[in-house]
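Notes follow the structure.
The values are calculated or read from the model by the stated rules, or taken from the named source; none is laboratory data. The structure presented is a predicted model; accordingly, all values stated were derived computationally and were not measured. Glycine also receives a Cβ, built like all others from the backbone with ideal geometry; neighbour counts cover every protein chain displayed. Remember, those area values only see protein heavy atoms, side chains included, never the ligands or the DNA or RNA. Shrake-Rupley method; radii C 1.70, N 1.55, O 1.52, S 1.80 Å.
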Amino acid sequence: MRTALARRAARAAATRHAPSPRCLSAVPREAEAPFCSSTPDAPHESYPKLFEPVTLPCGLELRNRTLMGSMHTGLEEHKGPRGLDAAAAFYAARAAGGAGLIVTGGVAPNREGWVLPLAGKMSTAAEAKEHEVVTEAVHAEGGRIAMQILHAGRYAYHPMAVAPSKKRAPINVVTPRALSDADVRRTIADFARTAELARSCGYDGVEVMGSEGYLINEFLAPKTNFRTDEWGGSFENRSRLARDVAKAVREAAGPDDFAVIFRLSLLELVEGGMAFEEAVALATELKQAGVDVVNTGIGWHEARIPTIATCVPRAAFAFATANAKKALGDDAPLLCATNRFNDAATCEAALARGDADLISMARPFLADPALVEKAWSRREDEVNTCIACNQACLDHTFKMMPVSCLVNPSAGHETSLVLTKTTTPLRVAVAGRCC
């Protein structure tokens with residue numbers, strides 16, 4: 001499978017970089033400029049900020065300011081036809097489409113952190129080895145990929161679920177066990193071990209999931225942290241796990257050419273959540289701990305306020321990232337805005353305003369894996385735009401069904417739904433139209 005993917009990637013790369021009107025930039029660019037990336041002397045005519053390359057503090061270079069955000073796909077598992085071979089094809093298609101940095105679906109650092117029993121986990125060298133097919137496929141397309149380390153905490157749907165305190169989530173039937181002091185320290189070591197393993201199998205970085213109501217976020221919020229030891233009470237104590245995980249991950253992964261991203265909730269949307277001022281203070285400490293990018297998290301999964309539905313205006317939550325950037329001033333790490341960005345123009349506007357340094361899009365890459373390249377080559381009218389319906393992505397996740405896309409049924413099925421040109425074409429009339 002790996003060899004076949006490499007051959008396909010090589011053919012695609014040769015085709016993509018050949019002189020073709022469909023792949024030429026709207027403006028002249030240096031011959032050495034990476035695909036979907038401009039140069040200081042030749043900025044992109046329509047999206048100069050979006051296609052501006054960026055070098056992270058660790059030294060890792062990204063070809064543009066787009067980040068494909070993490071989402072549960074069901075492809076992070078190790079076995080079966082929808083396992084890592086399928087994930088390799090899925091992510092390779094998005095790398096070929098111009099994404100600056102791809103972040104995978106969540107991978108647990110230990111069994112307690114599983115979202116579901118037997119979900120994706122990386123705690124052994126053998127498990128890391130299985131991921132090489134993913135990183136090799138993405139690199140063959142000239143892309144960068146980071147693995148998200150996700151500990152589900154009280155959102156875990158299995159009897160081994162753990163949390164800072166013994167309090168069940170309203171969207172779960174499982175009551176978690178409260179972690180002991182020794183358990184917390186072991187969990188920090190597990191995060192570090194997973195980061196080290198991720199680097200060993202070719203990932204360009206990791207994202208620590210610290211938002212959306214998962215374990216680290218549960219420690220940060222008074223709503224879910226009732227501890228009286230050094231891991232609870234004051235914000236200094238409640239944020240200790242986040243700081244220690246970030247430090248341990250950076251130390252384990254090494255200082256050079258390996259990105260450490262931290263998903264930090266800047267807007268909790270639940271009562272008893274972490275205050276904005278606390279999140280801003282933590283962002284500074286995360287930067288000092290070696291975090292390269294703070295990726296904005298919006299809301300918990302149990303929040304009742306829509307954050308990614310069609311009714312939410314585009315870039316509706318960019319203000320949270322912009323407010324953090326303003327409050328942090330010169331101490332700001334690189335900040336990534338997220339939620340309801342689904343076209344290049346909206347991304348460019350936020351970057352031009354200075355709201356963020358990078359823009360994360362997740363489901364728009366389900367709808368069209370080449371949305372970045374199409375903007376680069378001024379074919380925006382060909383983009384298959386995400387309509388934020390949630391019907392084949394988020395709804396499927398909560399129903400434990402394979403994730404795909406209502407407007408792009410090939411998403412998540414790249415190895416099984418392969419369309420080829422027919423040798424017996426037909427003339428077909430279509431009656432009716434969409435509204």
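Can you pull out every residue in the stretch 217-240 that is more than 27 Å from the chain's Cα centre (by Cα) and without any contact (Cβ under 8 Å) to a residue 60 or more places away in the chain? Listed by number, the residues that qualify are 228, 229, 230, 233, 234, 236, 237. Count, please, the residues in the stretch 130-140 that happen to be crowded, with 24+ Cβ neighbours inside 10 Å and either without any contact (Cβ under 8 Å) to a residue 12 or more places away in the chain or charged (D, E, K, R) (or both). Summing the residues that are crowded, with 24+ Cβ neighbours inside 10 Å and either without any contact (Cβ under 8 Å) to a residue 12 or more places away in the chain or charged (D, E, K, R) (or both) in the stretch 130-140 gives 0. Taking the stretch 249-283, which residues are closer than 17 Å to residue 208 by Cβ, in a helix (DSSP H, G or I) and open to solvent by 20 Å² or more (accessible area, probe 1.4 Å)? Answer for the stretch 249-283, where residues must be closer than 17 Å to residue 208 by Cβ, in a helix (DSSP H, G or I) and open to solvent by 20 Å² or more (accessible area, probe 1.4 Å): 250, 251, 252.
Need a quick list: helices (runs of 4 or more DSSP H) entirely within the stretch 319-425 having at least 1 residues that are at pLDDT below 95 and open to solvent by 60 Å² or more (accessible area, probe 1.4 Å).
Where helices (runs of 4 or more DSSP H) fall fully within the stretch 319-425 and carry at least 1 residues being at pLDDT below 95 and open to solvent by 60 Å² or more (accessible area, probe 1.4 Å), they are 394-398.
In the stretch 106-125, is there at least one residue being at pLDDT 95 or above, part of a helix (DSSP H, G or I) and aliphatic (A, V, I, L, M)? Yes; the residues of the stretch 106-125 include at least one that is at pLDDT 95 or above, part of a helix (DSSP H, G or I) and aliphatic (A, V, I, L, M).
Picking from 134, 115, which residue would you name as being in contact with a helix residue (DSSP H, G or I) (Cβ under 8 Å, 6 or more places away or on another chain) and within 12 Å of residue 198 (Cα to Cα)? So the residue among 134, 115 that is in contact with a helix residue (DSSP H, G or I) (Cβ under 8 Å, 6 or more places away or on another chain) and within 12 Å of residue 198 (Cα to Cα) is 134. If the condition is being open to solvent by less than 30 Å² (accessible area, probe 1.4 Å), of a type in the set (S, T, N, Q) and without any contact (Cβ under 8 Å) to a residue 60 or more places away in the chain, then the stretch 167-213 contributes only 172.
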